[in-house]
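Okay, so here's the structure we're looking at.
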Amino acid sequence: MISRGMSCGDVAGWLGQDPTTVERWVKRFNGDGCDGLREGEHTGRPKRLTPTQWDDTWAALRQSPRDLGYLQNLWDGKLLSHHLAVSYGIMIGVRQCQRMFHEMDLRLRKPRPVIANADPEAQAAYKKTPPHDEP
């Protein structure tokens with residue numbers, strides 16, 4: 001369409017793209033032909049932790065936070081962010097730390113909520129399944 005005289009803006013409208021994107025495509029085509037239009041790999045941002053730090057962090061997450069001197073019983077994104085800052089001086093956001101759990105094939109566990117001043121007998125009576133009697 002460009003070679004037939006249409007503007008990048010017109011072509012972009014036809015294709016539902018931004019005119020700047022079409023301009024980039026034309027520049028890549030003019031420079032490298034059809035090979036210039038092939039998408040390369042998008043590697044993304046490099047990891048902030050070295051492979052050794054990554055392995056050490058994975059090993060730390062396999063332990064209880066209390067074993068490492070923290071007051072919490074379970075790991076979460078906020079605690080991992082703090083741990084990385086203390087251990088390596090690397091500031092990583094809580095959400096990114098949550099993604100790290102997923103990338104390491106670890107799941108986040110949440111503690112069961114405890115109701116303040118609750119009556120245990122009333123809670124047991126409300127449960128759908130009655131407690132099993134021990135023989």
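Only the coordinates and a few stated rules stand behind these numbers; no lab work does. Worth saying up front: this structure is predicted, and the values here are computed from it rather than measured. We place every Cβ from the backbone using ideal geometry, glycine too, and count neighbours over all the protein chains shown.
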**Complete:** Simple spin-label estimate for Ala59/Cys34, 7 Å along Cα→Cβ, in nm, reads 5.2 nm
**Prompt:** Using the alpha carbon gyration tensor of the chain, what are the three equivalent-ellipsoid semi-axes (square root of 5 times each eigenvalue), largest first, in whole Å?
**Reply:** 54, 25, 13
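For region 1-61, compute Rh as the Kirkwood radius over C-alpha pairs and then the Stokes-Einstein diffusion coefficient at 4 °C and 1.567 mPa s; write the answer in µm²/s, rounded to an integer.
Translational diffusion coefficient: 87 µm²/s.
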**Asked** When averaged across all projection directions, what area in nm² does the alpha-carbon convex hull of region 53-122 cover?
**Response** 6.0 nm²
**Message:** Can you compute the helix-only [θ] at 222 nm over the chain? Use -39500 (n - 2.57) per DSSP H run of at least 4 residues, normalise by all residues, nearest 500 deg cm²/dmol.
**Reply:** -13500 deg cm²/dmol
**Total formal charge among the other residues, if their Cβ is under 15 angstrom from that of Gln72, Lys/Arg +1 and Asp/Glu -1** = +3
**Fill in**
Here the FRET efficiency for Arg109 versus Ala85, based on Cβ atoms and R0 = 30 Å and rounded to 0.05, is 0.85
